[in-house]
Ligand SMILES: [Mg+2]
């Protein structure tokens, strides 16, 4: 069996271009789907997949680890830059999909079989609608509460909000009070039985991340995400040690060594590895083993397209330290038209039960993808009040 072609199918989904990867083989009808979505890097990803194809055409697609080593180590430059790592991840997911189809088994069975019956999922505030999640005003606590209630009405038992305003490296009490008011309003709206998460998008400095974290600590957040830059491992460790609320991070890490440094420093309690950036299922397995040794939980980052979701769930059914999966459902209204999924989601509680379809259990509708051709992503930029550049 040989790989004959690797295609990219780009689907414009408003805030991001979903980059689907299709690995084709010389066996009639046998191919695999992966996803290598990387916001504002669509053309780079398409090019990177083309570059990697030179290594893989003619190879046996079922030798996944061998091919992973080839993609990561050959061509001299190790595959841990975000573009190459994302391309490798997308191809790796497609190879696991192929292996599952060859074995006639879902990927979670290839990974050792299910360790749980269901997976809990959580939503973004607004279900992933750009304006609700990213643009609710910092001084609009009432809107945060309304959207929180909506998430619960939609069946979720957990949701995430960007309730911490952007700040310069050091600011006084005002921004902290906004964050506190937003979280207080959400907590009062949904009560103590619902889990609330706050994502800082790595905007704060470690000093501001600590201030926000301390102010929110009494609201019992399920986790507190990216309270400072991911590169600042010592900053993350300082905040994690100072709070009762567990710190979560990891969505931007692309190599096992980066996760090792984070875990060794105890920079988090929740690892948000992204299966489309961290090296696919093959490397996610290694990260999971490392996390297990540190008793760090897994809660994958997954705001992308439907192949990312299917892979994150297949991985989760086989991982003991997995606690919850991020999902979006309202980013574009035609999301479910693009994909047929093997798993089922129960509206009450938004829990997922596995399916029995082989591989990742999905089929992508290429005609539907073609109805949403690639476009430039919506530009998102951030500046502080003095005109200097901030993190989005
Ligand atoms: Mg995040």
message = Need the full-extension length gain, residue 234 to residue 39, defined as separation in residues times 0.36 nm minus the C-alpha distance. One decimal, nm.
response = 67.5 nm
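For segment 174-244, divide the Cα radius of gyration by the Kirkwood radius and give the resulting Rg/Rh value with two decimals. All intermediate terms of the calculation are to be shown ahead of the outcome.
On the way: Rg = 11.8 Å, Rh = 12.3 Å.
Across segment 174-244, the Cα-based Rg/Rh ratio is 0.97.
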key: Between 0 and 90°, nearest 10: helix 306-317 axis offset from the chain longest Cα axis   = 90 degrees
key: Projected-area average for segment 3-105 over all orientations - Cα convex hull basis, square nanometres   = 6.3 nm²
query = Against the longest principal axis of the chain, how steep is helix 206-216, in degrees 0 to 90 to the nearest 10, with axes from Cα atoms?
reply = 70 degrees
ask   = Taking the simple approach of a point 7 Å from Cα along Cα-to-Cβ for both residue 265 and residue 149, what is their distance in nm?
value = 4.2 nm
ask   = Tell me, what is the FRET efficiency for residue 348 and residue 1 to the nearest 0.05, using R0 = 30 angstrom and their Cβ-Cβ distance as r?
value = 0.10
request  = Quickly estimate the mean residue ellipticity at 222 nm for the chain, helices only: each DSSP H run with n ≥ 4 gives -39500 (n - 2.57), and the total goes over all residues, rounded to 500.
outcome  = -12000 deg cm²/dmol
remark   = Helix 233-242: inclination vs the chain longest Cα principal axis, degrees, rounded to 10, gives 50 degrees
task = Sticking with the crude label model, points 7 Å out along Cα→Cβ, report the distance from residue 73 to residue 381 in nm, one decimal please.
result = 4.3 nm
task = Can you bin segment 70-137 into rounded, prolate or oblate? Criterion: square roots of the alpha carbon gyration tensor eigenvalues sorted a ≥ b ≥ c, rounded for a/c under 1.5, prolate for a/b above b/c, oblate for the rest.
result = oblate
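Of the listed peptides 355-362, 174-181, what is their order by residue-averaged count of other C-beta atoms within 10 Å, with the highest listed first?
355-362, 174-181
Please work out the FRET efficiency for the pair residue 366 and residue 65, using the Cβ-Cβ distance as r and a Förster radius of 22 Å; give the result to the nearest 0.05. Walk me through the numbers before you get to the answer.
Numbers: r = 29 Å, r/R0 = 1.32.
Step by step, r from the Cβ atoms, then E = 0.15.
Which whole-number percentage describes the relative contact order of the chain, with Cα contacts under 8 Å and a sequence gap of 6 or more? Please report the intermediate quantities before stating the final value.
Numbers: 888 pairs, mean separation 80.3, N = 392.
Relative contact order of the chain: 20 percent.
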Residue 257-residue 392 pseudo-label distance in nm [points 7 Å out on the Cα-to-Cβ vector] = 2.9 nm
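State the Kirkwood hydrodynamic radius of the chain in Å, one decimal place, computed from all pairs of distinct Cα atoms.
After inverting the pairwise mean of 1/r, the radius is 21.2 Å.
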query = Where does each of 309, 254, 344, 118 land when they are ranked from fewest to most other beta-carbon atoms within 10 angstrom?
reply = 344, 118, 254, 309
query = Using alpha carbon centroids, what distance separates segment 83-159 and segment 177-240, in Å?
reply = 20 Å
task = Calculate the all-directions average of the projected area of segment 144-274's alpha-carbon convex hull, and give it in nm².
result = 7.5 nm²
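Just so you know, all these numbers are worked out from the coordinates, no wet-lab data involved. Given the structure is predicted, the values throughout are model-derived calculations rather than measurements. No Cβ is skipped: glycine too gets one built from the backbone with ideal geometry, and neighbour counts run over all protein chains shown.
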